[in-house]
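Trainee: After the structure tokens below, expect a handful of questions from me.
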There are 2 protein chains.
Amino acid sequence: MTLLRSFVSSANNAETDFPLNNLPYGVFSTDGGPARCGTAIGDQILDLTACEAAGLIAYGGTLQTGDWCAFMALGRDAWAELRSWLQTNLAEGGNTALAAHLVPQSGAALHMPFRVSEFTDFYASRHHATNVGTMFRGAENALPPNWLHIPIGYNGRASSVVVSGTQITRPHGQLKGPNDDAPRFGPSQRFDIELELGAIVGQPSNRPISVAEADANIFGYVLLNDWSARDIQAWEYQPLGPFQAKATATTISPWIVTSAALQPFRTSTPDREVPLLEYLLEPGPMLYDIALSVGLTPSGGSEHIIARTNYSEMYYSSAQQLAHHTTSGCPMRVGDLLGSGTISGPERHNRGALLELSWGGKEPLTLPDGATRSFIEDGDTLTLYGHAQAEDHRIGFGSCAGQVLPART
Amino acid sequence: MTLLRSFVSSANNAETDFPLNNLPYGVFSTDGGPARCGTAIGDQILDLTACEAAGLIAYGGTLQTGDWCAFMALGRDAWAELRSWLQTNLAEGGNTALAAHLVPQSGAALHMPFRVSEFTDFYASRHHATNVGTMFRGAENALPPNWLHIPIGYNGRASSVVVSGTQITRPHGQLKGPNDDAPRFGPSQRFDIELELGAIVGQPSNRPISVAEADANIFGYVLLNDWSARDIQAWEYQPLGPFQAKATATTISPWIVTSAALQPFRTSTPDREVPLLEYLLEPGPMLYDIALSVGLTPSGGSEHIIARTNYSEMYYSSAQQLAHHTTSGCPMRVGDLLGSGTISGPERHNRGALLELSWGGKEPLTLPDGATRSFIEDGDTLTLYGHAQAEDHRIGFGSCAGQVLPART
């Protein structure tokens, strides 16, 4: 696949996250006005709410809602049709009248692109599960016996999902060190990130579905940072899993990169150590080659990239996770968000959480200015980046950032 | 508190679940018509959608939505005002013109009384936690070290919450016995109930709140059966908690019994074995004396009560659970549903799950017709009942029933 050229000139360079090949969907506003649906093209946003209001496209008013759920609910034919219309009309020599509906990204505020119905988080990178398991339960119990058979997941908290740029207040919680007699209540001292990709369910189901059906039901993907209080987690998570440790916030990037845009970058899950049950078998490559990185910016300082990894490190794809999610008959709804789980690779610098990067605080990271980090400090901004790289262009996700504020007093 | 007499004569006997003292809120329809908001009074429903449409009451159209969330969002003054208006106007000698808006319960279909925002389930009955812990982890590890300090909870699946009367299809899932080499995929053989009370959040919060604030934010309660596939649970739940084992369905009773109606029945949580942290201390009695029971009706057979217990057996109240839920800053929304956790008492017949009643299948129950049950069999109907008993009346919850159908083929 080569670069598709647009009459929006900023979309035609190899560095932009948003060439005509991408066309991610988001929600934006200008000057405090109402939330509008749009697609990113180069350094511009095409205002699709305005395009629908002007009669250029017609999707039953779904683009007037300031939320992509209603459009997603229209189904795959509508998804394909809008993408095709955009690629035709925004092309070089296309419909330059659309320029009237372009808004510079620099002047727009970005909002949650969709209302999250429910949020499920998985634990599906083998390197991450092995690293965390080793720290929480010892090397001999690192990978639970079910891990090679089940895409392990748990339900998270949809109300806590926020868009990139939202400041995050350091949480309080019950804390108990291994040598403490009793727990105390206070601010988390081990507040962390989790570098993930989030898959967005765009079609409902109310019965068990196959991996192929699940793949077809995924509308697109966002970067996802599942903020995690490791000290709260360590004390609370047995026997029913993480709860308040994961409920402060989960940040997503504002642009939904569609499954359609990612098709050229499909890649396979790794070879299986033990065979999967039939319901989890993949009919084709279900991962994507997406380069991911994490930047840490101390308050007043400059950004340092602390991790680089790739979505292709996952042991289970989002399609497998979604299929597993439906095995019990669990109804899935438009707007359900599935976190891939932290994505770590084999090397130290491939780890997607500070817990792993600093090995539980035993091996702090050193920043360029000489400061060290085991976990997040107040004022730090953590930013995720991601893109799929083609020869002459990239399909970018933009960024997914959050600054951590001091705990409430 | 004595019986408040109503001009609806069926509301004036000691056996009805719905005297004028109760006034629970639900959603109903007749003859396949639209869903309407109503309150149960004796064997009738007062159609509050019609009352608002007729100008008898005015709540900004919230009672036209076929869902109690919009009314709940109006806040506590509105809650108190509507209850007061109903108790005045439905009283003996009250406004008998309301009779025009009474609908017999026998001719009405009952629907979900509110849209569940998110569903959280707790694990907060000491007898239940001890029994299950003994079976899953051995007597010496029965109660996890955090249990006496934290109202242990996990996020469930809101999309799977259904109203009483909905049939439940036995789920499939990954199953692996302790002596099996590998898991297999098949219908759950250990499908179970959990007898719980569900608390409904009627006011939002976006910061940590106190137990007193939490108590004030709870609009009311329903009976709740958290259907659980014990064999799926045993294999999947480590390390991140129950997932598909709990995602088939959770059934709630159709009438929201308000906190206001339950005030005369407040009772205290038990003495603490270890002191709680300050944020969990209760400013007064936060449990309620609510008698609960479970009936099992085999297909074509008659009902047998298999368990009797009381909500006052809880170690943590819903107010404590909700306060804990907010410690991390987790935003709570109108329509959030908090399951109390299975409610078991000290004796065998007080246990709120078949897992405990049959001790993991080792001590099957014998039904009056000689049949035995370790877990639910296809065609069985399981029904929860609950009421708070005053001297001359009761505040009843109605029933919470579901029949289990065979697994999909």
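Trainee: Which residue pairs have Cβ atoms closer than 7 Å, lie 6 or more positions apart in sequence or on different chains, and pair a first residue in the stretch A:204-217 that is under 17 Å from residue A:286 (Cβ atoms) and within 14 Å of chain B (Cβ to nearest Cβ) with a second residue that is crowded, with 21+ Cβ neighbours inside 10 Å and basic (Lys, Arg)?
Mentor: Note: no pairs meet the criteria.
Trainee: Within the stretch B:152-164, how many residues turn out to be within 7 Å of chain A (Cβ to nearest Cβ) and open to solvent by 30 Å² or more (accessible area, probe 1.4 Å)? Give the steps one after another, and end with the answer.
Mentor: Within the stretch B:152-164, the first condition is being within 7 Å of chain A (Cβ to nearest Cβ), and the residues that meet it are B:152-160.
Subset that is open to solvent by 30 Å² or more (accessible area, probe 1.4 Å): none.
Number of matching residues: 0.
Trainee: Taking only pairs six or more apart or across chains, which ones have beta-carbon atoms under 6 Å, a first residue in the stretch B:310-329 that is over 14 Å from residue A:243 (Cβ atoms), and a second residue that is charged (D, E, K, R) and open to solvent by 10 Å² or more (accessible area, probe 1.4 Å)?
Mentor: Pairs found: B:312/B:289; B:315/B:126; B:319/B:215.
Trainee: Name every residue in the stretch A:218-236 that is open to solvent by 10 Å² or more (accessible area, probe 1.4 Å) and more than 7 Å from chain B (Cβ to nearest Cβ), in order of residue number.
Mentor: A:231, A:233, A:234, listed by residue number.
Trainee: From the residues in the stretch B:167-203 that are within 20 Å of residue B:361 (Cβ to Cβ) and among the polar types (S, T, N, Q), which one is nearest to the other protein chains (Cβ to nearest Cβ)?
Mentor: My answer is B:174.
Trainee: From the list B:285, B:264, B:270, B:275, pick out the single residue that is more than 14 Å from every other protein chain (Cβ to nearest Cβ), more than 29 Å from residue B:359 (Cβ to Cβ), open to solvent by 10 Å² or more (accessible area, probe 1.4 Å) and part of a loop (DSSP other than H, G, I, E, B).
Mentor: Of the residues listed, the single one that is more than 14 Å from every other protein chain (Cβ to nearest Cβ), more than 29 Å from residue B:359 (Cβ to Cβ), open to solvent by 10 Å² or more (accessible area, probe 1.4 Å) and part of a loop (DSSP other than H, G, I, E, B) is B:285.
Trainee: Could you check how many residues of the stretch B:237-261 are of a type in the set (Gly, Ala, Ser) and open to solvent by 10 Å² or more (accessible area, probe 1.4 Å)?
Mentor: Of the residues in the stretch B:237-261, 2 are of a type in the set (Gly, Ala, Ser) and open to solvent by 10 Å² or more (accessible area, probe 1.4 Å).
Trainee: Limited to the stretch A:292-306, what total is found for residues that are outside any loop (DSSP other than H, G, I, E, B), touching a residue at least 60 places away in the same chain (Cβ under 8 Å) and surrounded by fewer than 16 Cβ atoms within 10 Å (Cβ to Cβ)?
Mentor: Qualifying residue count, the stretch A:292-306: 0.
Trainee: Please go through the stretch A:307-356 and pick out each residue that is touching a His at 6+ places or on another chain (Cβ under 8 Å) and not in a loop (DSSP other than H, G, I, E, B).
Mentor: A:307, A:308, A:313, A:332, A:338, A:350, A:356
Trainee: Working only within the stretch B:324-367, note down all residues that are within 12 Å of chain A (Cβ to nearest Cβ) and among the acidic types (Asp, Glu).
Mentor: B:336
Trainee: Test of understanding: among B:339, B:300, B:295, which residue is over 28 Å from residue B:114 (Cα atoms), of a type in the set (Gly, Ala, Ser) and in the same structural domain as residue B:151 (by TED's automatic domain parsing)?
Mentor: None of the others qualify; the one that does is B:300.
Trainee: Also, quick follow-up: Exactly one of (1) within 14 Å of chain A (Cβ to nearest Cβ); (2) in contact with a Lys or Arg (Cβ under 7 Å, 6 or more places away or on another chain) is unmet by residue B:321. Its number?
Mentor: (2)
Trainee: Identify all residues within the stretch A:165-217 that are of a type in the set (Gly, Ala, Ser) and surrounded by fewer than 22 Cβ atoms within 10 Å (Cβ to Cβ); write none if there are none.
Mentor: Passing the criteria: A:165, A:177, A:182, A:186, A:205, A:210, A:212, A:216.
Trainee: Checking residue A:385 against (1) in a strand (DSSP E or B); (2) surrounded by fewer than 21 Cβ atoms within 10 Å (Cβ to Cβ); (3) not β-branched (Val, Ile, Thr), which test does it fail?
Mentor: All conditions pass for residue A:385, except number (2).
The values are calculated or read from the model by the stated rules, or taken from the named source; none is laboratory data. Here the structure is a predicted model, which is why all the values come from computation and not from measurement. Neighbour counts run over all protein chains shown; Cβ positions are idealised from the backbone, glycine included. Side chains are part of the model used for accessible areas, which takes the heavy atoms of the whole protein and leaves out ligands, DNA and RNA. Shrake-Rupley method; radii C 1.70, N 1.55, O 1.52, S 1.80 Å.
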